[in-house]
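Novice: A single structure is presented below for examination.
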Amino acid sequence: MRFAVLMAACFVLAGLMAPAQIKRDPDLGISETLARDRASRISNLRYDLAFTVPAARVQAVTGRALIRFSLSSATGPVVLDYEPDRAGILRSVEANGASTTIRQVNGHIIVPKEALRDGENSLALDFNAGDASLNRNDEFLYSLFVPARAHLAFPCFDQPDLKARWALSLDVPEGWQALANGAEVERETAGGRTRVRFGATQPISTYLFAFAAGKFSIEQAERNGRAFRMFHRETDAAKVARNRDAIFDLHAGALAWLERYTAIPYPFGKFDFLLVPAFQFGGMEHPGAIFYNASGLLLDESATQDQVLARASVIAHETAHMWFGDLVTMQWFNDVWMKEVFANHMAGKIVNPAFPQVNHDLRHLVEYYPQAYAVDRTAGTNEIRQPLTNLNEAGTLYGAIIYQKAPIVMRQLETLVGSEGFQEGLREYLKKYSFGNASWADLIAMLDSRTPEDLAAWSRAWVEERGRPAIRTELKLSGGKIASLAFSQRDPYPSRGLIWNQRFTVAVGDREVKLFPVQLNAARVEVPAARGLPAHFVLANGGGIAYGGIHLDSASLAWLMANLPSVEDELTRASAWVTLYDALLDAEVTPDGFLSLALRALPVETNELTITRILSYARDACWRYSSAAARTRLAPRLELTLRQGLDTAQSSSLKSVWFSALRDMAQTPSTIDWLTRVWTLEQNVPGLTLAETDYIRLAEELAVRDVPRAADILDQQYERIKNPDRKAQFAFVRPALSADPARREAWFASLADVANRRREPWVLEGLRYLHHPLRAAASERYIEPSLMMLREIQRSGDIFFPKRWMDATLSGHQSATAAAIVRAFFDQLPPEYPERLRRVVLSSADDLFRAARK
């Protein structure tokens, strides 16, 4: 008996001490574990790819990949990534010149260790390419592989820290143009086909590899001895001629500035870029082959100052990526924010000197703070640097926190380190990790030695935790002067007790403003320097720097609501609008009060950027936070103000701002009739030339208002459109504008097919009209199915699509019924539902939840 007990104990002990079962097959996606293992074994990676693109889009793109690499150890298999959207398309695999049997599991190809060897290896694979990331159209295609979508098209090691040299051949229909990262080295045409071969690239990651082919026109230019080529599909020759020189100049200027700032010459040889109709992003930084949204670069004559600045910024942003992201790439996508924040931060430095007439501190405020706050104030906000265990969730990392909050934070960091130390640290970082990979920890270590500040504590609050501080103003006045002034900050998640160390500029005064610096580096900071200053208000964000939920004291709030238009300093006025909009959302200001202030301010405001921001806030206050009855009551006064602004504006840019606001907010029959006559060309807008895109948008806005003969307007607008890509987009969106509920229903039902969601900007435009506030009651029925589709949207779409899908779905709603639908969705979610998608819904629904409480 004692022996039996002893043996049983030994078996138990042996079970406890036995090594864990090693999982044989990789998971779906690219896990961090798989990526780390491959990075430790694989080096000297080279791809030689060939694709044949048929003329008919229904036929498969065929391909062959020769992948060569060094393997430090062949004691285990090698796992490639391959998850195409077509079944059975891997035709053959050879390893080191011999046919080999592989296994395909969970979107991976497993090459057995018996087929491999220590040192140099080669894999040759024949396949039909998946279409999901090739963006195929009848007359063109373009690849888009960010963040980890290359393996949806062809077999590869789809992770950022396995950089490779890429050689490419494309076989395309005769008459098509082609571009890729590498320089074109050979072209031959025969039998109705053209074969183009591109030279090998410098080492770049899979998400940066790119190619495009199609019926493109090419513009060429030379600047500072460098050749540039612009590929596009615009049919309006005058539009191209009006924009081309500015586009080439902006690229050349950005390159020259970055070479000086980094002390590193442009690293990737040739410089081409493609303007894509209805591109998913503003731009994508493929070295040697940047892709842009065509509408962002080829501006209409009615372009606003904001659009002109945005064009310069996106060009500078994508050009900055050549160093920040392409030359030095994050090791893992949890640091994807690094490349984006430096691209944005450098873009500001590049663009500002070229527009000396612009108040760039004000532009930084209106460009970044409203969009950052729109997410960071919500329960769905996220950290700047987010944990990531699998690249199949990398797309959910992107959003306003990376693109808008992070540049604000980076400006704070440069202030702490000093501009010279900051530049020196970045030069050291770029030089050390050129053509390689690095992490946030690598960079922060280089900067930490250049400042006495505790950057680790700073990074934890600003970069590694989510949310923004609640900043309160503690003001006591005596005889119109400041008796005492202090600022306090509170963590919205009390269990953390974070302190956000930041330096900002406080505005104190009445019509005349005095600005002075404050460092808020504790839970509460007194400002003794303010004592005795005459003041009617104090604004923590007066200098456009402080970041947080800024709560005004009651005296300052009351004074600004009554007197803001009379404040002389334009940056203080704009900063106050950002703060007062937060006050509206927190119910410290009523929608009627906010809109009344806007209508008093707009006729006397002189800065176009501030006018644009006020009008944007007015749109939201009107459609999201005012009741239908309040909107109707306000409409005549609002439209009169907008018409007067349009009539008195001194520039076509500003006229375009006013006209767009009038078009979007029109409700009264007289204004709608006037807009209809503008569309029919019976009425012109003095001083404003409307382009094809303006008439398209105007026709859509008239249709959603169910004007008489709306269907005829849409018919005629379709016939008017000359550009084939805009014509196709209009045809796609049109059913969502229909007055017939059955046609709108059928259009929404069609989105269940992923093929009908491929052109994401088209889908989003249709959704915004389907859920327009004027049709909100009828479209509530689509909220729940849209929420149910979100996981599939994330799996099949590009990086911004899930958030934009939810924004478009919910932005037109304000009812308690709509809010209840979203809350019921949360109540039934299973525990395993992805946390990041929960946050997407929470951030998109924040305005709805606030509006429904009113």
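Novice: When Lys and Arg each count +1 and Asp and Glu each count -1, what net charge do the other residues less than 11 Å away from F51, Cβ to Cβ, add up to?
Specialist: That sum, taken over residues with Cβ under 11 Å, equals +1.
Novice: How large is the dipole of the range 282-392 about the Cα centre if only Lys and Arg carry +1 and Asp and Glu carry -1, each at its Cβ, rounded to the nearest 20 debye? Before the final figure, lay out each step's value.
Specialist: Values: 6 positive and 12 negative charges, 34 e Å.
Its charge dipole is roughly 160 debye.
Novice: For the chain, report the accessible area per residue in Å² (1.4 Å probe, heavy atoms, rounded to an integer). Provide the component values of the computation, followed by the final result.
Specialist: Values: 32840 Å² over 854 residues.
Heavy-atom SASA per residue in the chain reads 38 Å².
Novice: Sticking with this one: Can you check what the net charge comes to around P534, using other residues whose Cβ is under 13 Å from the Cβ of P534 (Lys, Arg +1; Asp, Glu -1)? Display every interim value, and only then the final one.
Specialist: Values: positive: K481, R511, K514, R531; negative: D510, E512.
Local net charge: +2.
Novice: Sticking with this structure for a sec: Excluding residues on the same chain fewer than 8 positions from K722, give the aspartates and glutamates whose Cα lies under 14 Å from its Cα.
Specialist: Output for K722: E234, D236, E692, D694.
Novice: Moving to a separate point now. Roughly how tilted is helix 608-620, in degrees to the nearest 10 and between 0 and 90, from the longest Cα axis of the chain?
Specialist: 90 degrees
Novice: Would you work out which of P370, Y292, F198 lies farthest towards the positive end of the dipole of the chain? Charges go on Cβ: Lys and Arg +1, Asp and Glu -1.
Specialist: Of the options given, the answer is P370.
Novice: Would you mind checking the tilt of helix 237-262 against the longest principal axis of the Cα atoms of the chain, expressed as 0 to 90 degrees and rounded to 10?
Specialist: For helix 237-262, the angle is close to 70 degrees.
Novice: What percent do you get for the relative contact order of the chain when only Cα pairs under 8 Å and 6+ apart count? Display every interim value, and only then the final one.
Specialist: Working: 1524 pairs, mean separation 71.4, N = 854.
Averaging sequence separation for qualifying contacts and normalising by length gives 8 percent for the chain.
Novice: Using a 1.4 Å probe on the protein chains only, how many percent of the accessible area of the range 288-384 belongs to carbon and sulfur?
Specialist: On the way: 1040 of 2250 Å².
Taking all protein chains in place, the range 288-384 shows 46 percent carbon and sulfur surface.
Novice: Relative contact order of the range 58-208: what whole-number percent is it, with Cα pairs under 8 angstrom and at least 6 residues apart?
Specialist: Details: 325 pairs, mean separation 36.0, N = 151.
That works out to 24 percent.
Novice: I'd like the distance between the alpha-carbon centres of the range 546-575 and the range 620-694, rounded to an integer number of Å.
Specialist: 27 Å
Novice: As I understand it, the value is the acute angle between the Cα axis of helix 419-432 and the longest principal axis of the Cα atoms of the chain; what does it come to in degrees, rounded to 10?
Specialist: On a 0 to 90 degree scale, this one is about 20.
Novice: What's the whole-number percent of alpha carbon pairs in the range 484-590 lying beyond 20 angstrom? The partial results should precede the final answer.
Specialist: Numbers: 2128 of 5671 pairs.
Distances greater than 20 Å cover 38 percent of the Cα pairs.
Novice: Tell me which aspartates and glutamates have Cα within less than 15 Å of K431's Cα, excluding those fewer than 8 residues away on the same chain?
Specialist: Those aspartates and glutamates meeting the cut-off are E259, D326, D442.
Novice: Ignoring ligands, DNA and RNA, how do T632, T610 rank by accessible area with a 1.4 Å probe, largest first? Write out the running numbers ahead of the final one.
Specialist: On the way: T632 95, T610 5 Å².
Listed by decreasing accessible area, they come as T632, T610.
Novice: When only C-alpha pairs under 8 Å and at least 6 residues apart count, what is the relative contact order of the range 57-120, in percent? Can you show the working numbers first?
Specialist: Details: 72 pairs, mean separation 28.8, N = 64.
Relative CO of the range 57-120 lands at 45 percent.
Novice: Sort R677, R117, R757 by heavy-atom solvent-accessible area, probe 1.4 angstrom, most to least. List each step's numbers first, then the result.
Specialist: Details: R677 75, R117 125, R757 10 Å².
If we order R677, R117, R757 from most to least accessible, we get R117, R677, R757.
Novice: Keeping every protein chain in place, order R663, R836, R804 by accessible area at 1.4 Å, biggest value first, i.e. largest first. Working shown, then result.
Specialist: On the way: R663 15, R836 45, R804 95 Å².
My answer, sorted largest first, is R804, R836, R663.
Novice: Roughly how big is the range 33-156's charge dipole about its Cα centre, with Cβ charges of +1 (Lys, Arg) and -1 (Asp, Glu), in debye to the nearest 20? It would help to have the intermediate numbers written out before the result.
Specialist: Working: 14 positive and 13 negative charges, 42 e Å.
Taking the Cα centre of the range 33-156 as origin, the dipole is about 200 debye.
Novice: Within the range 35-94, which trypsin sites (Lys or Arg not before Pro) sit in a loop by DSSP and count at most 16 neighbouring Cβ atoms inside 10 Å? Could you put the intermediate results ahead of the total?
Specialist: Values: sites: R36, R38, R41, R46, R57, R64, R68, R86, R91; in loops: R57, R86.
Passing sites in the range 35-94 are R57, R86.
Novice: Counting only residues 5 or more places away or on other chains, whose amide H sits under 5 Å from the amide H of F537 once H atoms are built in the peptide plane?
Specialist: It is G509, by chain and number.
Novice: Roughly speaking, to the nearest percent, how much of the range 39-78's 1.4 Å accessible area is carbon and sulfur?
Specialist: The nonpolar share, carbon plus sulfur, comes to 53 percent.
Novice: If you don't mind, there's one more thing I want to ask. On the full set of protein chains, 1.4 Å probe, figure out the accessible area of L533 and give it in Å² to the nearest 10.
Specialist: Roll a 1.4 Å probe over it and L533 shows about 30 Å².
Novice: Still on this structure, I have one more. Give, rounded to the nearest 20 debye, the magnitude of the charge dipole that the range 143-256 has about its Cα centre when Lys and Arg contribute +1 at Cβ and Asp and Glu contribute -1 at Cβ.
Specialist: Values: 15 positive and 13 negative charges, 6 e Å.
Around 20 debye, computed over the range 143-256.
Novice: Name the trypsin sites (Lys or Arg not before Pro) in the range 611-643 that are in a loop by DSSP and that have at most 14 other C-beta atoms within 10 Å, would you?
Specialist: Values: sites: R613, R619, R624, R631, R633, R637, R643; in loops: none.
Answer in residue order: no site qualifies.
Novice: Let me ask you something else. Please report the carbon-and-sulfur percent of the accessible area for the range 700-812; probe 1.4 Å, protein heavy atoms only, DNA, RNA and ligands left out. Before the final figure, lay out the partial values.
Specialist: On the way: 2430 of 4540 Å².
Here it works out to 53 percent.
Novice: For the range 468-540, what class follows from the C-alpha gyration tensor (a ≥ b ≥ c being the square roots of its eigenvalues): rounded when a/c is under 1.5, otherwise prolate if a/b is larger than b/c, else oblate?
Specialist: Numbers: a/c = 2.51, a/b = 2.13, b/c = 1.18.
Since a/c reaches 1.5 and a/b is larger than b/c, the shape of the range 468-540 is classed as prolate.
Novice: Here's another thing I want to ask about it. At most 14 other Cβ atoms within 10 Å and a DSSP loop assignment: could you name the GluC sites (Glu not before Pro) in the range 663-711 that fit?
Specialist: Numbers: sites: E682, E692, E700, E701; in loops: E682.
Here the GluC sites (Glu not before Pro) that fit, given the DSSP loop and packing criteria, are E682.
Novice: Here are several values of Cα extents along the principal axes in Å: (1) 106, 62, 51; (2) 88, 80, 52; (3) 87, 78, 67. Which one was derived from the coordinates shown?
Specialist: This structure yields the entry labelled (3).
Novice: Follow-up question, since we're still on this one. Indicate the gyration tensor shape class of the range 268-373 (rounded, prolate or oblate), computed on the Cα atoms with a ≥ b ≥ c the square roots of the eigenvalues: a/c under 1.5 is rounded; otherwise a/b larger than b/c is prolate and the rest oblate.
Specialist: oblate
Novice: Full extension from D27 to A742: what is 0.36 nm times the residue separation minus their Cα-Cα distance, to one decimal in nm? Kindly include the intermediate steps, with their values, before the conclusion.
Specialist: Numbers: separation 715, 0.36 × 715 = 257.40 nm, distance 4.22 nm.
Here the answer is 253.2 nm.
The values are calculated or read from the model by the stated rules, or taken from the named source; none is laboratory data. Just so it is clear, the structure is predicted and the values come from calculations on it, not from any experiment. Ideal geometry is used to build each Cβ from the backbone, glycine not excepted, and the neighbour counts take in all protein chains shown. Side chains included, ligands, DNA and RNA excluded: accessible areas come from the protein's heavy atoms. Shrake-Rupley method; radii C 1.70, N 1.55, O 1.52, S 1.80 Å.
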